[in-house]
Amino acid sequence: MKEVKITIDGKEVMVQEGKTILQVATEMGIKIPTLCAMPELGFARGACRVCVVDVEGLPTLTASCVYPVREGLVIHTKNERVLKARKTILELLIASHPLDCMTCEQTGSCELQNLAYEFGIKESRFERNKEQIPLDESNPFIVRDLNKCILCGRCVEICNDIQQSYAINFGNRSAKTRIIAGLGNNLGFETEMTSGFDAKIKYSNCVSCGQCVAVCPVGALIDKDAQGKGRAWEFTKVKTTCNYCGCGCSFDFNVKEGKVVKVTSNPENVVNGINLCVKGRFGYDYIHRDDRLTTPLIKKNGKFEKVSWEEAYQLISSKFTQIKKESGSDSLAVLSSAKCTNEENYLLMKFGRAVLGTNNVDHCARLCHSATVAGLAQAFGSGAMTNSIKEIANASVIYLTGSNTTENHPIIALEIKKAVTKNGAKLIVADPREIELVEYATLWLRQRPGTDVALFNGLMNVIITEGLEDKEFIEQRTEGYEELKKTVLKYTPEVVETITGVPAEDIRKAARIYATSPTVSLIYSMGITQHTTGTDNVFSTANISMLTGNLGKENAGVNPLRGQSNVQGACDLGALPNVYSGYQSVVDPKVQEKFSKAWGVELSNKAGLTVIEILNAAYDGKVKGIFIMAENPAMSDPDLNHAREALKRVEFLVVTDVFMSETAELADVILPGVTSAEKDGTIT
């Protein structure tokens, strides 16, 4: 786009044509006040009119957030005419706004209050009777006070355009205009302005993400649980990473007197920006619950007793030493955790190998994404996503399988929705279930459970037989193509239809879309990895991506969505029985020598047991001592009765956790753990 010359506050500059005056001013460091536009939502709003500027040649002032620059514009952002108009606009807003600033939750962070202070407005010259609207406290996390609403539209925009829940919109007309709640869908309300209908927010499509709370400039939308617990200036903000899922979102704990009062998002966060889901924004109450484990416990005569850290450490040391001496190092094992930091996983892995002397080290990835590590590491050399989360929104096609993304990875789901509704991407959902994202899909392939490999083979069959493969990429960057071709040519769409139940014509349509699009992001999760053919499923994702050349370029690749917050990091740092950190094999003599030298001890050259094998060995009496960090196999193992009996048979069990879990109840020693709010570290 070409550049144009404009003059703004007496300064000539060359700027990109088409940008708004507000955008240009912001980039130049010129502050123009606004109560509706914000960069995270797109600058163009035009609702509050506080951002008016004086453009020479125009008869009236214009809203800078919606007026595009063009050649020769002369703009004044703070002359007397502009400042007088802004003050009048603020007075009009204040005339119908409650002046309960002394008790308002938003005091200190209210943008209307701050502008009133800046413009020296102590009272409004205007009088206006406004209907008193009852508070809406029906939502468990959010209080809506429409008496304070200034109709800026931020909440509507973030709910409908970004979150795409369509829970709220503008309703009624003229002086009775308000934000109403209703039942929307991904096509929005029937009309932009809806009349005669309103409901409490709990009866709408609201998913309680709190996005509206994050962008509200006044006190119309507030965090219910944070009411009365502190003012903005009393909080210390501590940045942390959410530990609920694998998205890796960052946010700020707002801390007062050592307690987390609320969570706020930060637009500078790389992964999520201002976006958070209900768990990330409101799921922090566990930090200060009364039933937290706070002191070490030792089981004596079948009951737990509080002891000192010294006594607990002494018992752990003596018992593990005794078992190691009597039964050997491989009678011991440690279970690490994908909910803990890289540093914690590294230390426990090192403890198991360097202190206990065993490679019986594993964690929950064995049951969820070990197939990803095995498959992608063999195919690409790395078991991680090949794209960043932000690239998803720019893909031409998204192929989604084995993932209920809106529930399990909500922030990534926003990128998928954005790709479809804003950027024109095509979405192919391959899932037996009718997940929410099916509503956004171009094609929905309903394969029978367990037939994923056949479906991928059918897609590749069409791509090869119709000559749609990326021949240059295959020739230059792959090997084994002829073997792949020989196999998949047996899987015609008609054959695959009998296996998967997916109509042959849908297989052809999906294959053509996949192979003829510039960039395809293949996204999958545990729906295809927690399976007897999990590794083969992952191989298939790699094969179709290489077949179509969708690797090694922006917005295209294979992207596994991890379950826990640090599955990737726990694997990377070596909480696995066959590799040290960096996926270096424990049976490689050179690797073993390197780690032995670094740690100053002799290390085992025998691959350890997986978590399933550890529990089986415990059941059989071969594993006699286990250290478990923040895992709960007595609740999460596929065979609960077997897992619980195995843990009961262990001679000595140590568990460290934040709460008393089903596994902790079986322990001989419990060490209290800490939450993400109480420790430093990194996750991957």
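The values are calculated or read from the model by the stated rules, or taken from the named source; none is laboratory data. A quick note: this is a predicted structure, and the numbers were derived from the prediction, not measured. Ideal geometry is used to build each Cβ from the backbone, glycine not excepted, and the neighbour counts take in all protein chains shown.
Consider the stretch 391-418 and keep the residues that are without any contact (Cβ under 8 Å) to a residue 40 or more places away in the chain and among the hydrophobic types (A, V, I, L, M, F, W, C). The one that is farthest from Gln530 (Cα to Cα) is Ala393.
Yes/no per residue for (1) touching a Phe, Trp or Tyr at 6+ places or on another chain (Cβ under 7 Å); (2) outside the structural domain of Asn394 (by TED's automatic domain parsing); (3) not polar (S, T, N, Q):
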position: Asn555; (1), (2), (3): no, no, no
position: Gly574; (1), (2), (3): yes, yes, yes
position: Gly582; (1), (2), (3): no, yes, yes
position: Lys590; (1), (2), (3): no, yes, yes
position: Glu593; (1), (2), (3): no, yes, yes
position: Lys597; (1), (2), (3): no, yes, yes
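Residues of the stretch 301-310 include none that is modelled with pLDDT of 95 or more, part of a helix (DSSP H, G or I) and surrounded by 15 or more Cβ atoms within 10 Å (Cβ to Cβ). Take the residues in the stretch 30-69 that are more than 18 Å from Ile89 (Cα to Cα) and within 32 Å of the chain's Cα centre (by Cα); name whichever of them is surrounded by the fewest Cβ atoms within 10 Å (Cβ to Cβ). Applying the filter and picking the extreme gives Pro39. Residues that are of a type in the set (A, V, I, L, M, F, W, C) and touching a residue at least 60 places away in the same chain (Cβ under 8 Å) occur in the stretch 674-681; there is at least one. Against the numbered list (1) farther than 25 Å from Glu326 by Cβ; (2) in the same structural domain as Ser317 (by TED's automatic domain parsing), Thr684 comes up short only at (2). For the stretch 74-114, the set of residues classified as more than 18 Å from Asp223 (Cα to Cα) and of a type in the set (Gly, Ala, Ser) consists of Ala85, Ala95, Ser96, listed by residue number.
For Ser596, indicate whether it is among the hydroxyl-bearing types (Ser, Thr, Tyr) and assigned to a helix (DSSP H, G or I). It is true that Ser596 is among the hydroxyl-bearing types (Ser, Thr, Tyr) and assigned to a helix (DSSP H, G or I). For Glu12, the conditions (1) under 20 Å from Ala85 (Cα atoms); (2) outside any loop (DSSP other than H, G, I, E, B); (3) more than 34 Å from the chain's Cα centre (by Cα) all hold with the exception of (1). In this structure, Leu376 does not satisfy being out of contact with any strand residue (DSSP E or B) (no Cβ under 7 Å at 6 or more places or on another chain), among the aliphatic types (A, V, I, L, M) and at negative phi. In the list Leu671, Leu640, which residue meets the criterion of being assigned by TED's automatic domain parsing to the domain that holds Lys350, within 33 Å of the chain's Cα centre (by Cα), modelled with pLDDT under 95 and surrounded by fewer than 21 Cβ atoms within 10 Å (Cβ to Cβ)? On inspection, the qualifying residue turns out to be Leu640. Tell me yes or no: at least one residue of the stretch 648-655 is assigned to a helix (DSSP H, G or I), touching a helix residue (DSSP H, G or I) at 6+ places or on another chain (Cβ under 7 Å), without any contact (Cβ under 8 Å) to a residue 40 or more places away in the chain and surrounded by fewer than 17 Cβ atoms within 10 Å (Cβ to Cβ). The answer is yes; a qualifying residue exists.
Sub-7 Å Cβ pairs linking a first residue in the stretch 1-12 that is under 10 Å from Ile75 (Cβ atoms) to a second residue that is assigned to a strand (DSSP E or B), at least 6 apart or interchain, are Ile6/Val13; Ile6/Val15; Ile6/Ile75; Thr7/Val74; Thr7/Ile75; Ile8/Ile75; Asp9/His76, ordered by first then second residue.
Considering only residues that are without any contact (Cβ under 8 Å) to a residue 60 or more places away in the chain and in contact with a Gly (Cβ under 7 Å, 6 or more places away or on another chain), which ones fall in the stretch 431-472? Residues satisfying the conditions are Arg446, Gln447, Arg448.
Take Arg154 and decide whether it is of a type outside the set (Asp, Glu), modelled with pLDDT of 85 or more and outside the structural domain of Thr406 (by TED's automatic domain parsing). Criteria met by Arg154.
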